[in-house]
Amino acid sequence: MSARESGRVKEAEKRRVLDDAARKRRARKAIEALEQDNFHEDPHADLVMSKKVPKFADSNEKPTRKKKSKSAEYYKMRFRKTFAQLVEEDASFRPDPPNYLSAQVPPSQFPDRYFCAVCGFPSNYTCIPCGARYCSVRCLGTHLDTRCLKWTA
Amino acid sequence: MSESSCYILDNGAYTAKVGLSTKLPKVVPNCIMKAKSERRRPFVGSQIDECRDASGLFYILPFQKGFLINWDTQKTVWDYMFSKECCPVNFNETPLIVTEPLFNFASIQEAMTEIFFEEYECQTLLRINATDLAEYYHRKTHNNECTVVVDSGYSYTYIVPYIKGKKYREGIRRIDVGGKVLTNHLKEILSYRQLNVMDETYVINQVKEDSCFVSQNFMQDIEIAKKKGSANTIVKDYILPDYTTIRRGYLRDVVKSDEDLEQQTLRLNNERFSIPELLFHPSDVGIPQMGIPEAVMHSINACPEENMESLLENIVLYGGNTLFPGFRDRVYNDVRSFALDHFDVNVYLPDDPLTYAWEGGKHIFRDPDFYSFCMTKEEYEEEGKALAFERFDI
């Protein structure tokens, strides 16, 4: 005779549960989203911003300025470096501790606080499949219907 | 050589504070924006005030993570700032003070030096950290020995201790939470809970500015926010701008019949104080870092012990986030509770925290040694960029 089993536990085992790595990936994505400047595409990406319109001078005098000012494009090409490149470069420019990387504060000594992913109030429970926090059955329902395991889609 | 005025450019990642030292500073958005309503025209800096419909603005920012990366954008915005349209200047006659982020990368520093001497043909240039200017201003008005400067801006919050006017590099701390994170988080939770506003960074930033406050007792405010009816003194409605009759949204008490409303509204409850709370608990959104008061203590503890007393007595806050109501009091209360009892704690919030560093530039220009901090065009042509690294302590 087989041992008695709880239906709820059996049910839970069937569900897909995100592993630790996937959860971390999600958390990292969420933090990256907080760093973004724009969420939508450039609405006029196809438009040329600075059209070279022929300029008609008011007078016939020749321009007196010796140096022609360089265009914005020139400086884009001249100093092109990504943030990651710059951080890497900094390791050789300022190799010893007081530098950009070392200035970041360490984690807090205080314990983390958890808030319901749905309503924002303090939460006591964790969603089994994805690890998000919730505070009540109602919020869990909303969470399962909307974001749980759908975030990465 | 002693000019009567100098040009000060506090080049922030979101707004630049700019102007001649003899005039009032202008706060100019340091970006180019594109609007959905006017397809033909990009709005550079303050030109956005001329835009009738500011919904769905698209930002092009010169800064990324607090560093100057997109030079073409920056050049366009600078050209605008130095033109007649904004704050005209003749660098042949006027010295320039320009601010840079702390620990600015070497190649960005080089580029700054080059562009101002060669492109804008500055005769006299001072590149400096904004926190240095703020510290100088505070020291000149309070005559103190040590200062802790807290600069809470768009990309970061920096905490910088100064001992006898010199920054103590070992004590510098950075929290990767600034106004941008707050706006993005607010945008995210509002979009999930109520109305999709993911494309409305500009409007939601205004919502944040108009309705958020720093809680003095977070858990107590949470309890208040849970209450229903008139017992809940926190919940408010925010009327969003429609750009026909309302140009900027506003906060209003909750009116019962929500269905009858014509305008689009957002109901703000715990969002009002849990957003600025991220500055005090970045871990609430999973950023594993200390909050501001704890980081202030961490920074002070890294300094020599004999300076601790003076540092705690002179904590200066500035930057956009310090404008949240209750910000100063919260920092004061938390630092007070962390610090040893026999030390005094003073936290200063200037009258105008946005332009505090700019004002500091005005004071440093009056310093009798001002020109010894600067670099001239002749020196640059003579000795090149290497001298800039020696002269400017960035």
Evaluation of B:S215 against (1) outside any helix (DSSP H, G or I); (2) surrounded by fewer than 21 Cβ atoms within 10 Å (Cβ to Cβ); (3) of a type outside the set (A, V, I, L, M, F, W, C) (one fails), failing number | (2)
Quick one: A:S2 ticks every box in (1) of a type in the set (S, T, N, Q); (2) modelled with pLDDT of 70 or more; (3) more than 24 Å from B:L57 (Cα to Cα) bar one, so which box is it?
-> (2)
Take B:R391 and decide whether it is open to solvent by 30 Å² or more (accessible area, probe 1.4 Å) and farther than 23 Å from B:L20 by Cα.
-> yes
Within the stretch B:115-123, is there a residue that is out of contact with any strand residue (DSSP E or B) (no Cβ under 7 Å at 6 or more places or on another chain) and surrounded by 19 or more Cβ atoms within 10 Å (Cβ to Cβ)?
-> yes
Scan the stretch B:276-305 for residues that are open to solvent by less than 20 Å² (accessible area, probe 1.4 Å), of a type in the set (A, V, I, L, M, F, W, C) and part of a helix (DSSP H, G or I) and jot them down.
-> B:L278, B:L279, B:I292, B:A295, B:V296, B:I300
Test result for A:S59, at pLDDT below 90 and hydroxyl-bearing (S, T, Y) | yes
Here are some residues: B:V149, B:V98. Which one is open to solvent by less than 10 Å² (accessible area, probe 1.4 Å), of a type in the set (A, V, I, L, M) and farther than 24 Å from B:E379 by Cβ?
-> B:V149
Would you mind stating whether B:R330 is touching a Phe, Trp or Tyr at 6+ places or on another chain (Cβ under 8 Å) and not in a loop (DSSP other than H, G, I, E, B)?
-> yes
If you check B:L354 against the conditions, is it in contact (Cβ under 8 Å) with a residue 24 or more places away in the chain and touching a Phe, Trp or Tyr at 6+ places or on another chain (Cβ under 8 Å)?
-> yes
Here are B:P161, B:P88: which of them is without any contact (Cβ under 8 Å) to a residue 12 or more places away in the chain and either open to solvent by 10 Å² or more (accessible area, probe 1.4 Å) or within 30 Å of B:V347 (Cβ to Cβ) (or both)?
-> B:P88
Acidic (D, E), part of a helix (DSSP H, G or I) and more than 9 Å from every other protein chain (Cβ to nearest Cβ) - does that describe any residue in the stretch B:112-119?
-> no
Give me a count of the residues in the stretch B:69-100 that are facing another protein chain (nearest Cβ under 9 Å) and not polar (S, T, N, Q).
-> 5
Sort out which residues of the stretch A:88-124 are at the interface with chain B (Cβ under 8 Å from one of its Cβ atoms), part of a helix (DSSP H, G or I) and surrounded by fewer than 18 Cβ atoms within 10 Å (Cβ to Cβ), and write them in order of number.
-> A:E89, A:F93
Select from the stretch B:36-55 the residues that are in contact with a strand residue (DSSP E or B) (Cβ under 9 Å, 6 or more places away or on another chain) and either at the interface with chain A (Cβ under 8 Å from one of its Cβ atoms) or in a loop (DSSP other than H, G, I, E, B) (or both) and list them in ascending order.
-> B:K36, B:R41, B:P42, B:C51, B:A54
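The values are calculated or read from the model by the stated rules, or taken from the named source; none is laboratory data. What you see is a predicted model; the values in this text were computed from it and never measured. Virtual Cβ from ideal backbone geometry, glycine too; neighbours counted across all protein chains shown. Only protein heavy atoms, including side chains, enter the accessible area calculation; ligands, DNA and RNA are left aside. Shrake-Rupley method; radii C 1.70, N 1.55, O 1.52, S 1.80 Å.
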